[in-house]
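Each remark here refers to the structure printed beneath this line.
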Amino acid sequence: MFKIVLNLDFRYAAINQTWRLFSGLALLALIPLYLNAETQGYWYTFTSLAALAVFADMGFSTILLQFSAHEFAHLKFESDKTLSGNHLHLERIASLLRFAMKWSWGIGLLTFPIILFSGFVILSQKYTTVLWGLPWIIYVMASVLAFINSILLSFIEGCNSVGEVQKIRFLISFITIISTVIFLMIGSGLYALTVSLCIGTLSGTMLIFYRYARMLKQLHGLGTKISHSWKYELLPLMGKYAISWASGYFIFFIFTPIAFHYYGAVEAGKVGLSIAVCTAIYGISNIWITIITPKINILVAHQDYETLDFIFKKHLSLAILTYMLVITVLFIAVIFLGKYLHFADRLVNPFSLTILSLSWLMQITINSLALYIRAHKEEPLAIPSFISGVYITTTTWLIALYLPFEYFFIAFLSSYLWGIPWVIMIFKKYRKRDSVL
């Protein structure tokens, strides 16, 4: 049964991530075609600044997935998409969803106005003829609803529904990308990014409620009748996750704003485009880990560590192999076919791209080990994440001040030289503890 579910999950995850990869690459090719270099810089600066939404999430979506998976380990879906099983765990998962919605709306309405203001401060530093004000407002407003959608999807995914969630994510991505392409082709500029996000996000909300209306109604009704104080279970963990997730912004998303400030919009566009390409390849490679994430949590809940170790090692190896194959194709295209590809000159040079791609290869290992560790409802990675964030931000800032542009990603790569051994040491501690149980 597990193999059948895993095959279905893989199929839908593969469809979603393959679509995201190739549609993303197509979009990456269209952006330089329909936007000038300066507008491209604002495009990717928008997306980097919007990634400040990590300060709203603070790891809550991952915690929610883990806790819903642990409760769902004692439940099952009926044919009408309602839940049945142990009544205690049914009550707990209902109250968990209620807590998640109250928390996400509250923190979202608090955080996103700050993101809006921060964007105006940073983007207004450069004189430009690009009209970015209204698009930025629309983009942030749409991001609020996208954040709520992501919380709901994390909860559902934790209910061993990776395949279903990947189908919804695929449809959201499909609608968003098609809308973006249409608006780009009719010359909408930055509105192609912002309006398409609105359309995709609203479509996502409708898809979630269409597919899971009965479950959500069931859990809402049950959640209003009972009271469980999840804050005592979640908040101590969220404090540590908050450090890790806030640090994540400075590890992964600080590059484009720094490039925008010190090198200008054109170079920021190259940085953003190059990161987007590597992130897309990382995303399709990480399918192998994504499809087993809820199962990892369920196996930890059942203390079935033998099965856990087998599928974890297998899927980590497949993820690394996939990344290496696809990134090799990218370099062949850039080096040998670059003069035929109009977007190649919008990327950073091959030396910088090599540094960036090696960094994302190492991130596959870090991410997989982190998922294994966090499945134990613990967060021992707060300190490594915080130190990495401080190191990368500070070192990248110094590089921007004193070194040529081609060395811009050195801090990102060098952080893994000490980061991976540290995380492996923590992972081995958990493996040793699991082997005793």
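Counting other C-beta atoms within 10 Å, and keeping those with at most 14, which DSSP coil GluC sites (Glu not before Pro) do you find in region 41-146? Here the GluC sites (Glu not before Pro) that fit, given the DSSP loop and packing criteria, are Glu78. Think of the chain as a dipole: +1 on every Lys or Arg Cβ, -1 on every Asp or Glu Cβ, centred on the Cα centre; then among Ala213, Ile177, Asn367, Ala213 lies furthest on the positive end. The charge dipole of the chain, taken about the Cα centre with unit charges on the Cβ atoms of Lys, Arg (+1) and Asp, Glu (-1), comes to about 620 debye, rounded to the nearest 20. Annotation: extensible slack from Ile15 through Asn349 equals 117.2 nm (criterion: 0.36 nm per residue apart, minus Cα-Cα distance).
Among Val162, Val334, Val121, the largest mean-square fluctuation in a Gaussian network model of the chain (Cα springs under 10 Å) belongs to Val121. Taking the accessible area of region 235-342, probe 1.4 Å, and keeping the other protein chains in place, the carbon and sulfur fraction comes to 70%.
For region 118-222, the solvent-accessible area with a 1.4 angstrom probe is 43 square angstrom per residue.
Counting protein heavy atoms only, region 32-174 has 67 percent of its accessible area on carbon and sulfur, 1.4 angstrom probe. Along each principal axis, taking the top coordinate minus the bottom one, the Cα set of region 225-316 gives 52, 37, 24 Å in descending order. Using a cutoff of 8 angstrom between alpha carbon atoms and counting only pairs six or more residues apart, the relative contact order for the chain works out to 25 percent. When the solvent-accessible area of region 369-408 is split by element, carbon and sulfur atoms take up 72 percent of it, the probe being 1.4 Å. When only Cα pairs below 8 angstrom with a gap of at least 6 residues are kept, region 195-317 shows a relative contact order of 11 percent. Since only Phe336, Leu417, Leu356 are under comparison, the one whose Cα sits farthest along the positive direction of the charge dipole of the chain, derived from C-beta charges on Lys, Arg, Asp and Glu, is Leu417. Comparing Gly239, Ala26, His70 along the charge dipole axis of the chain, the residue lying farthest to the positive side is His70, per the Cβ-charge model.
Accessible surface for region 370-426, divided over its residues, is 43 Å² per residue with a 1.4 Å probe.
Label region 66-209 by shape, choosing from rounded, prolate and oblate, from the square roots a ≥ b ≥ c of the eigenvalues of the Cα gyration tensor; if a/c is under 1.5 it is rounded, and otherwise prolate applies when a/b is larger than b/c, oblate when it is not. Verdict is oblate for region 66-209. For region 213-285, a crude dipole built from +1 on the beta carbon of Lys and Arg and -1 on the beta carbon of Asp and Glu, taken about the Cα centre, is about 440 debye to the nearest 20. Result for the chain in a Gaussian network model with C-alpha springs under 10 Å: among Phe72, Phe255, Phe405, the largest mean-square fluctuation is at Phe405. For every helix of n ≥ 4 consecutive DSSP H residues, a contribution of -39,500 (n - 2.57) applies; sum these over the chain, divide by its total residues, and give [θ] at 222 nm rounded to the nearest 500 deg cm²/dmol. One gets -28000 deg cm²/dmol as the mean residue ellipticity at 222 nm.
Could you list the residues of region 393-408 with an amide nitrogen less than 18 Å from a label point located 7 Å from the Cα of Trp418 in the Cα-to-C-beta direction? Inside the label zone: 393-399.
For region 100-240, the dipole from Cβ point charges (+1 on Lys and Arg, -1 on Asp and Glu) about the Cα centre works out to 280 debye, to the nearest 20.
Could you give the accessible area per residue of region 275-354, probe 1.4 Å, as a whole number in Å²?
The answer is 46 Å² per residue.
Connecting C-alpha atoms closer than 10 Å in a GNM of the chain, tell me which of Trp418, Trp360, Trp103 has the biggest fluctuation. Maximum fluctuation in the GNM of the chain, among the listed residues, is at Trp418. Rolling a 1.4 Å probe over the protein chains gives Met425 an accessible area of about 120 Å².
Computed with every protein chain present, the accessible area of Phe336 is close to 150 Å² [probe 1.4 Å].
The values are calculated or read from the model by the stated rules, or taken from the named source; none is laboratory data. Only a predicted model underlies this, so the values are computations on that prediction, with no experimental measurement involved. A quick note on method: Cβ atoms are made from the backbone with ideal geometry, for glycine too, and the neighbour counts reach across all protein chains shown. Side chains are part of the model used for accessible areas, which takes the heavy atoms of the whole protein and leaves out ligands, DNA and RNA. Shrake-Rupley method; radii C 1.70, N 1.55, O 1.52, S 1.80 Å.
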